[in-house]
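To keep things clear, I will list the structure first and then write my remarks on it.
The values are calculated or read from the model by the stated rules, or taken from the named source; none is laboratory data. Note that the structure is predicted; figures quoted are calculated from it, not measured. Here the Cβ positions follow ideal geometry from the backbone for every residue, glycine too, while neighbour counts run over all protein chains shown. To get the accessible areas, we keep the full protein, side chains included, count just its heavy atoms, and leave off ligands, DNA and RNA. Shrake-Rupley method; radii C 1.70, N 1.55, O 1.52, S 1.80 Å.
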Amino acid sequence: DDYMKMNIWIDIGTHSGQEYNSIFGSNFIFYIKVIKNLLLKKIVNFKEIINLINLRNKIRNKRNEFFIIFVEANYKIILKKKVYNEAEMIFNFALTDNKNQNSFNLIKLYFLRNQNQISQGSSIYKNKANINEKDYILTHGVSVDSFMQSIKKELDKRFLDYNIILRLNCEGVEDSVIYSAYKYFNKDLKIISGSLKDVKYIKGENVYKNLEQFMKDKNIINTVFTPNTNSWFETFKEFNKLI
């Protein structure tokens, strides 16, 4: 069907793909997580669980209407995690704020102190808490504008009509990614999900507040979407409205 509206899921800072897997991954692991979460809560809301399962099934059944793009700066993770085989496109680079417009630059991806090199939380920002400046790998840095512009060109060639879903956890670059995505995709940018708290920690309260205001002004839906099962319901709900 040429006129099917595609949902382009751009996942920046994919890591182990926990959010993708919460929908399209193993049923067994999904149910284990939900049960674990139930046991931790004292009050069991079965209605909510049934809703969550129904929402997930509806999205799963429409996997052919999703086009998945994974962007991960750490090649060690891409080599280790099978989830990368599921994506329609994979990019191994770090997105940077637009100040550095060089077409090719090598940047340092710093690892956290006392963590292994595939743990979550690596950052291109030295001022992120707990960074070990001596422990890093080099990765390719691409400015968010050049990425968004190129990816838009490619998507326009492939699809007549599409929605953009951003799933973000990119350790402080989230604000630049959102502004840039809106600049190129405008009203097609429908949902921003993930975690934006690093913007506050790395760039300050003001930058974070401005970002929140911007999303509100542009009517962009913003949901928390993390490996934590508590964050799934809201996001699954919004994905369902979209499809």
Legend entry - First in the range 193-204 and in contact (Cβ under 8 Å) with a residue 24 or more places away in the chain and over 25 Å from Asn240 (Cα atoms), second anywhere and open to solvent by 20 Å² or more (accessible area, probe 1.4 Å) and of a type in the set (Phe, Trp, Tyr), Cβ under 7 Å, 6 or more apart: Val199/Tyr208; Ile202/Tyr125
Legend entry - Residue within the range 97-119 that is open to solvent by 30 Å² or more (accessible area, probe 1.4 Å) and assigned to a helix (DSSP H, G or I) present: no
Legend entry - Hits in the range 225-243 (condition: of a type in the set (Ser, Thr, Tyr) and either open to solvent by 50 Å² or more (accessible area, probe 1.4 Å) or in a helix (DSSP H, G or I) (or both)): Thr229, Ser231, Thr235
Legend entry - Single unsatisfied condition, Tyr125 versus (1) modelled with pLDDT of 90 or more; (2) open to solvent by 10 Å² or more (accessible area, probe 1.4 Å); (3) in contact with a Gly (Cβ under 7 Å, 6 or more places away or on another chain); (4) not β-branched (Val, Ile, Thr): (1)
Inset, instruction - For the range 157-200, name all the residues that are among the aromatic types (Phe, Trp, Tyr), in contact with a Lys or Arg (Cβ under 7 Å, 6 or more places away or on another chain) and not in a strand (DSSP E or B). - result: Tyr182, Tyr184, Phe185
Inset, instruction - Please list, ordered by first then second residue, the pairs with beta carbon atoms under 9 Å, 6 or more apart or interchain, first in the range 52-75 and closer than 20 Å to Cys170 by Cα and open to solvent by 70 Å² or more (accessible area, probe 1.4 Å), second in a strand (DSSP E or B) and not basic (Lys, Arg). - result: Tyr75/Ile137; Tyr75/Thr139
Legend entry - Tally of residues being modelled with pLDDT under 95, open to solvent by less than 50 Å² (accessible area, probe 1.4 Å), more than 16 Å from Phe70 (Cα to Cα) and of a type in the set (A, V, I, L, M) across the range 146-198: 1
